[in-house]
1. What's the Kirkwood radius of the stretch 3-254 in Å, using all Cα pairs?
2. To the nearest 10 degrees, how steeply does helix 112-124 sit against the main Cα axis of the chain, on a 0 to 90 scale?
3. Excluding residues on the same chain fewer than 8 positions from Lys642, give the lysines whose Cα lies under 16 Å from its Cα.
4. What percent of all Cα-Cα pairs in the stretch 437-545 falls in each 10 Å bin, counting up from 0?
5. Specify the angular offset, from 0 to 90 degrees and rounded to the nearest 10, of the alpha carbon long axis of helix 592-610 from the longest principal axis of the alpha carbons in the chain.
6. With no solvent and one point on each alpha carbon, what is the Debye value of log10 I(q)/I(0) for the chain at q = 0.09, 0.11 Å⁻¹?
7. Along the three principal axes, how long is the stretch 613-676 when you take its alpha carbons, biggest first, rounded to the nearest angstrom?
8. For the stretch 45-167, give me the percentage of DSSP beta bridges that are antiparallel, rounded to the nearest 5 percent.
Amino acid sequence: MSYRAHRRRTVTVTATAAALISLGIAAPAASAATDPRVDLRVLVVDDDGGSVGAIAAQLRSEGIPYTRVDLGDSGRPAINAAFLSDTVGGRPRAKFQGVVLPNEAPFGAGSAEQTALEAYEKTYGIPQVDAYTWAHPEVGLDYTDSNGYAGGLDGRPATVSTAGRAGPFGYLAGGFSFEDNSPSVQESYGFIAQPRTGYTSYVDAPVPGGTGNGSLLGEYAHDGRRELVVTFAYNQYQQQFRVLARGIVEWLTQGVHLGQARNYFAVHVDDVFAPDARWDAARNCTPGDIDCAGGGDDTETPIRMTPADAQYAAAWQQSHGLTLDMVFNAGAGEEWKSEHGGTDALADQLLKDKAKYRWVNHTYTHMFLGCVQDTSTVPWACAKNPDGSTKWVSRSDISGEISNNNNWASQHGLSLDRSELVTGEHSGLKTLPQQPQDNPNLGPALASNGVKWTASDNSRESEQRTVGSSTLTVPRYPMNVYYNVGTKAEMADEYNWIYTSEADGGSGICENNATSTCLGAPLDTDTGFTGHIVPTEAHTDLGHVLSNDPRPHYAHQSNLAEDRLLYPVLDRVLADYQALFAANTPIVNLRQSAIGAELQNRAKWQAALDGGKVTAYRIGNTVTVTAPSGTQIPVTVPEGTKQQFLLTSSAFGTSYAGLRSAWGTPGTLQSALTLKLP
């Protein structure tokens, strides 16, 4: 599409530009007594487009309160002076600290609503984000026929400018590329244009067919207002948005807001000490698995780490600065030991390096802890009691699996957090379709063993929930590196079985499952792992890291053995991350209990926001937040901010991405969290 055609199509809503003012609170006031109150809440004017939706998703993920106005709702409130501001206790109040619009003038240039919004922004110094607009003078840019470009951006490089790195995008290393996941689909469209007076570019890109660079994102200051202008389309899942999302929010909120964000990455390695069964390429199943037609023994060629694999794991951790969580089955290891002459060099090596890992209880023998399985049919079913009720694994059996593993850990000097548990196959939790409810014996067994955080499979249950009376789940992302493969060829063969069409010899799963995508052709088993599987899985995992998502990923000990399939994926994730982010924004590597607490705090915080039980505002350099008693309050503020207590003060939060943030609470005898900005 030419820029002229796009202009004709959008002229009704983009005929005139809007603007913003500088980042600090505007200063019509001469003293603290007359400083306006600015509530820490964002106004989101939504046209139901992907770009506004992406910013709203980022606000929610961070825990930033916002009010959404749906432009398509005939009953929506009018955007007027009363909606935007009022007076509290004789002090002027701005109800929103920032405004997100679909473009620079969604209400129409000169309309009553547009005029009211612009007056509000000018009076109180409120920033405005134009989520997606085209290049034209009303947003401080030349048309694209003046050394610019309008078209697809797939695969094109972009650079954070010097001004961007000195400002809201200082957490980035400097460059990134637009996604290009499919050569047959245009994934990104945008406008690269030359800035005019008042416009400062934050993100530049080379001009295709032109000379030098043009802007894709920048700040336009004019008429006492300031707006952040974005001239490319995006959605919340695209990597280019994920990379820039933090900076967009910090610019919008002037670096002072409720909520916080980190880039998290934790990797659980399940089945440590135990062997894993091997994929049978001839039968396209795993011998020993219940659902493998024809049965078969899984002990002839199992996959298990060697002492050399354990040494490599310890060295890899040290060189990459990422601690692996070793999720272990001591009983399965003891069984292996008894069957192999009473010695186990792998266990000896892992225990020698035990202080280098985090250890998580995976039950003693990896026993299935749900219903008693009837394996006489494929797929299996839950066995029944004579009265027709479900036959469950007993509480004592579940408790024994947990406590025996804990006791073994104590005997061997493992540092273990007994509040954490990963059951074998996440069993005991509901497993559809066969077991639509938790084993009723699971919750009491967890409670009696002090388990507060038990893992669940994020592909089945993505939200944290309660099990029994006192345990919460920690959803984990399954990595697309399979438990039953040790070599690249095995991995590619099983991947082909799952993701190729029936016509190409695949299982047909992808054709019958709307959430799966078939490969165009089977992968070469010699090159498919390195050429396709590694970059695909690493891209998925990095997407989680960039989404403020603390949920851990999990693979298996088999992936640290033989061809060591897990490391190329982790290497790619870490390398891609380090290329994107500055040193002030490291990956945060939490253990399971800390991840569970983070998810719990977020849920409680969001419930308080949704219930209208949070009040937060800024007056001058003082931020005040009240929330229900006991609620952890997430806040992000500039370096140098101090929390004010009754008789003293101290630095607030921890440093991350150039700002400080933390979960905070009021001090003793205080009803509000009070912060003094620098």
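FYI, it's all coordinate maths here, none of it is from the lab. Since we're looking at a predicted model, the values are computed, not measured.
1. Details: mean 1/r = 0.0543 Å⁻¹.
Kirkwood hydrodynamic radius for the stretch 3-254: 18.4 Å.
2. 90
3. Leaving aside lysines fewer than 8 places away in the same chain, those within reach of Lys642 are Lys676.
4. The calculated distribution, bin by bin, is 13, 32, 26, 20, 9, 0.
5. Approximately 40 degrees, to the nearest ten.
6. Log10 of I(q)/I(0), two decimals: -0.88, -1.18.
7. That gives 30, 25, 21 Å along the principal axes, largest extent first.
8. Taking every DSSP beta bridge within the stretch 45-167, about 45 percent pair in antiparallel fashion.
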